[in-house]
Amino acid sequence: SDLPNPFAYLLTIHLKEGRNLVIRDRCGTSDPYVKFKLNGKTLYKSKVVYKNLNPVWDETVVLPVQSLDQKLWIKVYDRDLTSSDFMGSAFVALTELELNRTTEQVLKLEDPNSLEDDMGVIVLNLRFAAGFLLSCLILLNERCERWAPFTLGHLAVSFKCSIFLHLFIASKTSLNLGHVYVFMRSMRLSDSLRKNQLWNGLVTITLLEGKNIPGGGLAEIFILLKLGDQRYKSKTLCKSANPQWREQFDFHYFSDRKDMLDIEVWRKDNKKHEELLGRCEVDISALPMKQTNCLELPLEKHPGSLLMLIAVTPCTGVSISDLCVCPLGDPSERQQISQRYCIRNSFWNIKDIGFLQVKVLKAVDLLAADFAVFHDPFCVLELGNDMLQTHTVYKNLNPEWNKVFTFPIKDIHDVLEVTVFDEDGDKPPDFLGKVAIPLLSIRNGKQSCYTLKNKDLERASKGVIYLELDVLFNPIKASIRTFKPREKRFTEENRKFSKKILSRNVDRVKKITMAIWNTIQFLWSCFLWESTVKSVIAFVVFVVTVWTVELYMVPLALLVLFAYNFSLVTTGKVNNTQDAQASKELMGLDEDEDEDDKESEKKGLIERIHMVQEIIIAVQSILEETASFGERIKNTFNWTVPFLSVLACLVLAAATVILYFIPLRYIVLIWGINKFTKRLRNPYAIDNNELLDFLSRVPSDVQ
């Protein structure tokens with residue numbers, strides 16, 4: 001009774017199960033999870049139970065309660081890849097609960113905006129208890145090393161005097177009771193987020209081929225693979241009853257979830273109508289670890305089967321922690337991680353390229369969107385398909401997260417994207433800003449301030465974010481990975497027609513075409529003797545080159561070109577950012593033009609070209625690929641990414657030496673034998689083009 005009322009209670013929630021929940025997925029089920037809210041703020045979020053209308057969570061959480069004159073809201077959602085669908089809510093008035101007594105609540109879910117009468121029920125146990133300050137001190141004692149001299153016995157004795165408690169908290173932590181409450185709530189949310197985000201394994205799936213697919217000879221075939229909320233779409237193949245895909249996909253594996261791998265076979269006819277041909281499931285938890293399993297999966301209720309390889313391997317290096325326990329902060333642990341990626345371990349665990357540590361410190365002066373005075377910001381970090389998230393800092397435009405995230409690096413040419421969102425209750429979060437940082441541009445151990453940009457990274461937004469980054473990687477493993485296919489991204493929304501993007505791609509292709517055309521015009525002018533001096537020099541160069549050239553001189557000439565461009569870059573005569581600035585000018589169209597786009601949409605431009613929209617999108621994509629290909633070749637020679645240019649120089653130097661000492665016929669013979677016997681040596685090999693894989697790592701001007 002001596003304790004202050006706002007901090008006198010702990011609410012223990014045991015979330016047991018749901019019954020007869022509503023369907024939100026097109027496959028006839030849902031992926032439900034639960035949020036608990038007080039005063040409009042999310043205090044706890046449960047794990048997701050996939051493909052189940054009668055989920056069992058069996059989770060317990062203890063929440064601090066400030067006052068009894070409020071309602072505990074229980075809201076259920078269906079997890080999707082891009083958003084969450086509402087499945088109903090219920091509430092419990094805290095004044096109706098008795099102190100120190102556990103009561104079971106069977107709450108009927110309702111949604112006033114839904115026409116469904118029965119949305120199911122949620123079953124949970126609730127219990128109120130006193131003694132919040134003692135619990136705070138116990139938990140703080142466990143988490144803060146400077147409290148080590150104080151034992152639980154000291155706390156229990158001291159608890160007899162509430163005045164001592166106030167003095168103890170003020171003197172030892174410089175926190176008031178409100179700070180303690182915020183700390184407790186943030187700690188609960190952080191623990192929940194950490195538990196739901198961290199994967200401990202990888203599921204590698206190699207989709208090989210289909211056999212006797214029904215209707216496959218009449219339409220194009222593609223495969224959808226789903227594991228939890230992770231989804232991949234295979235490439236679409238031409239009409240064949242036995243299609244060959246030869247594609248590889250990597251899924252995150254959570255050992256505490258009983259996820260089923262869902263595989264669907266779809267076909268698409270000439271009218272772009274999609275139809276489900278069959279499906280099958282694989283229980284990932286039943287497969288043995290650390291070995292490749294070759295499975296031929298028959299389609300349910302349909303003839304035909306799919307042949308694929310599935311391997312489940314453990315994954316390390318993913319973590320979320322506080323600043324005081326960051327992995328690279330401990331010298332012994334840093335030494336151990338550095339040893340793992342040293343040169344002498346280059347051919348051990350070849351897929352483990354490196355290690356990334358990101359300290360998300362704070363953001364300053366965030367954008368006040370929707371005329372809001374304050375925000376509830378949180379950060380999302382993405383590296384390829386890997387994604388982790390900070391906790392939410394409520395009512396703050398200058399949030400401090402002070403969290404450390406670590407990722408395993410699968411490709412040193414990946415880009416770290418850090419996006420700041422504003423939590424907006426039951427609605428999708430609002431975008432506040434974003435930064436993109438290539439891993440090869442990171443300076444280890446240096447705290448940097450990054451200006452937030454808009455979604456397309458074209459223009460600066462309001463606010464900055466403070467990060468400290470460290471990258472450790474093995475250069476030999478990274479080089480080998482460069483000549484292999486890039487990791488496919490999770491299924492994204494279909495690309496849409498954009499007048500701005502189409503105009504930009506046309507200008508990029510026009511620029512490359514004009515460069516080629518000017519070169520041809522120059523050569524033709526030499527033949528026409530428009531300039532006597534120029535034609536004489538060209539003639540002498542032609543005769544000397546044809547008379548003395550050897551095959552090994554071709555890569556040698558390219559090496560000379562690399563050296564020449566490197567000298568220009570180092571002396572400052574060429575600035576690699578010029579092309580980037582030109583691309584920004586192409587992207588940064590006037591606001592008037594953006595308004596014209598909006599007006600044209602209002603007038604129904606998209607509707608008027610609906611019949612040819614897919615053709616326009618295809619042309620837009622072809623133009624982009626063509627422009628990017630030319631720009632990547634140029635940027636390789638321009639030393640835009642020094643790591644890639646050095647790697648190209650090493651390959652050209654090796655090619656020069658090989659062509660000088662080994663006759664061409666032997667080289668061609670070895671190449672042909674390798675190509676003819678590759679499928680015999682490894683029947684499940686995935687074909688790739690090393691040159692195109694290398695160029696895919698070189699950024700285009702727009703990137």
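A short reminder: the numbers here are calculations on the coordinates, not readings from a lab. In this text the structure is predicted, and so the values were computed from the model without any measurement. Glycine also receives a Cβ, built like all others from the backbone with ideal geometry; neighbour counts cover every protein chain displayed.
Within the P(r) computed for region 9-133, what percentage of the Cα pairs occupies the region above 16 Å?
Above the 16 Å cut-off, region 9-133 has 60 percent of its Cα pairs.
Through the Karplus equation 6.51 cos²θ - 1.76 cosθ + 1.60, θ set to phi - 60°, convert the phi angles of region 697-703 into ³J(HN,Hα) values in whole Hz; use x for Gly and Pro.
Values per residue, Gly and Pro as x: 7, 7, x, 6, 4, 5, 5 Hz.
Among the listed pairs Lys488/Lys510; Lys362/Lys488; Lys455/Lys488; Lys35/Lys108, which are separated by more than 26 Å between their Cα atoms?
Violating the 26 Å limit, Cα to Cα: Lys488/Lys510; Lys362/Lys488.
So for region 319-474, what percent of the C-alpha to C-alpha distances run longer than 28 Å?
23 percent
Just tell me which lysines come within less than 27 Å, Cα to Cα, of Lys301; anything on the same chain fewer than 8 places away is out.
Output for Lys301: Lys51, Lys211, Lys226, Lys233, Lys235, Lys239, Lys258, Lys268, Lys271, Lys272.
Between Glu110 and Asn688, what's the calculated FRET efficiency when r is the beta-carbon distance and R0 is 35 Å? Round to 0.05. Before the final figure, lay out each step's value.
Numbers: r = 54 Å, r/R0 = 1.54.
Calculated value: 0.05.
May I ask for the Kirkwood hydrodynamic radius of region 201-314, worked out over all distinct Cα pairs and given in angstroms to one decimal?
Working: mean 1/r = 0.0698 Å⁻¹.
With all distinct Cα pairs of region 201-314 included, I get 14.3 Å.
Provide the gained length on full extension for the span Arg26 to Lys488, in nm with one decimal, where the gain is 0.36 nm per separating residue minus the Cα-Cα distance.
Difference between extended and current length: 163.9 nm.
Multiplying the sequence separation of Glu96 and Leu224 by 0.36 nm and subtracting their Cα-Cα distance, what value in nm do you get?
In short, 41.2 nm is gained.
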